[in-house]
């Protein structure tokens, strides 16, 4: 009996059935629902909703919120899809439109703030705290997302991790707005995007390192 025949016989006798994963959209929805529950509790317990409600009367903030939230959701959904080998790589472009909305709405807000306050619009101020907030929130979210995504054994873990990192950073930036009692300045926007980029790169490097082991 050849080695191939032995292998086939062994697999037939010992191989166990593999539990099929739920569709990626369902898995993404379940994960996002859990994050939403934690986020709602955190907002209710620690944010000043009166301040946020006053800021939310400005339509540009609504656009910023929509951009950050949709960027986060799109990144996570794309990561779940690309964790499977049969999904087209075009899923990687899913977060691009909401990211453009986020940058555009925030950029307009920054410009208006600069017209009103002049050079003060370029001061760092509380931006460093925003950077720490996004990183601090993204770390546990990223770990939780990695734990779920690894079950699919993605063929391209680096791209999947990068999209997941961008997704959790977008969600963190969305939550930040509930604890952000002032309009976004140019410096704020730069710091926010730098934090998103840092989380994305950290996820990418972690996946690349894990793949070499």
Just want the ordering: 206, 106, from fewest to most Cβ atoms lying within 10 Å of their own Cβ.
206, 106
Quick calc: nm separation of the 7 Å Cα→Cβ label points for residue 34 and residue 144 -> 0.7 nm
Segments 47-60, 152-165, 81-94, 128-141 sorted - mean Cβ within 10 Å per residue, highest first
152-165, 128-141, 81-94, 47-60
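Values in this text are rule-based calculations from the coordinates and carry no lab data. Not measured: the values here are computed from a predicted model. Glycine gets a Cβ as well: all are built from the backbone with ideal geometry, and neighbour counts include every protein chain shown.
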